[in-house]
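Written out below as structure tokens is the structure these notes cover.
The values are calculated or read from the model by the stated rules, or taken from the named source; none is laboratory data. The structure presented is a predicted model; accordingly, all values stated were derived computationally and were not measured. Note that each Cβ is placed from the backbone with ideal geometry, even for glycine, and that neighbours are counted across all protein chains shown.
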Amino acid sequence: MKSPVITAFLLLPIYFYFGQTTKEQKFNAAIQEIAIAFSMQDSAKISKYTSKEIGLYQLDRVGMYDHYNHFKTLTFSGTTYPKILFRNAKDIKLMALEYSSLPAWDCDKEVWSKKGLFVDTTKIDYLLSKICKSRNKFGPDTIPEKKTQFFYELETKSRRIVFYDNDGIELVFYMSYLNGNWYLTIVDNVSSDCSA
């Protein structure tokens, strides 16, 4: 008879495998739902993926400076949020998620380097915390170090997703894995803005 410790040890890889699969399945499903919700401007569906504690951060460029706005709830009828990301639901075609290097934005051609729906799980993107540091160094702000550290820690639990289709429709956002669930935490309108 096998000891309970050996049995538990043998079952651990199976538990880990199925746990990871479920995590990735949730991730993929959330991305697809969020893309559709943005295309339909369905704030209720997006709110389902918004953490009540953290909310949602939108990154924008105003003049020379990148900045962020924080929103506890999402509405498409407000004047500040969001920039129109999709024209309407018929414009978006769901794509299979590709785990690969992310496309880069080309300011001269005004296009992303490749089309599709991408996530790169081998890299962590620290755009929001870099914006805070840059604004403190070059801009008119004094963002507390504690706030910048909060963003940095949030980014370490996040994945950056880039959606870009044949019609030039784009959406760049971050999903954060918090307390066993995926949440939409950052929407990036900065990376493809070459206005500065």
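Are there strands (runs of 3 or more DSSP E) fully within segment 134-196 with at least 2 residues that are farther than 17 Å from G55 by Cα and either out of contact with any Ser or Thr (no Cβ under 8 Å at 6 or more places or on another chain) or without any contact (Cβ under 8 Å) to a residue 12 or more places away in the chain (or both)? List them. Spell out how you get there, then give the answer.
On the way: elements: 158-164, 170-178, 181-188.
Filter on segment 134-196 gives 158-164.
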Pick from segment 108-133 the residues that are over 14 Å from the mean Cα position of the chain (by Cα) and assigned to a loop (DSSP other than H, G, I, E, B): which of them is nearest to N166 (Cα to Cα)? K115
Count - residues of segment 138-189 that are at pLDDT below 90 and over 24 Å from S100 (Cα atoms): 5
Could you check how many residues of segment 69-102 are farther than 13 Å from Q58 by Cα, surrounded by 13 or more Cβ atoms within 10 Å (Cβ to Cβ), aliphatic (A, V, I, L, M) and modelled with pLDDT of 70 or more? 4
Can you tell me how many residues within segment 21-60 are touching a residue at least 24 places away in the same chain (Cβ under 8 Å), polar (S, T, N, Q), assigned to a helix (DSSP H, G or I) and farther than 20 Å from V190 by Cα? 4
In the set A30, A44, which member is at pLDDT 50 or above and surrounded by 15 or more Cβ atoms within 10 Å (Cβ to Cβ)? A30
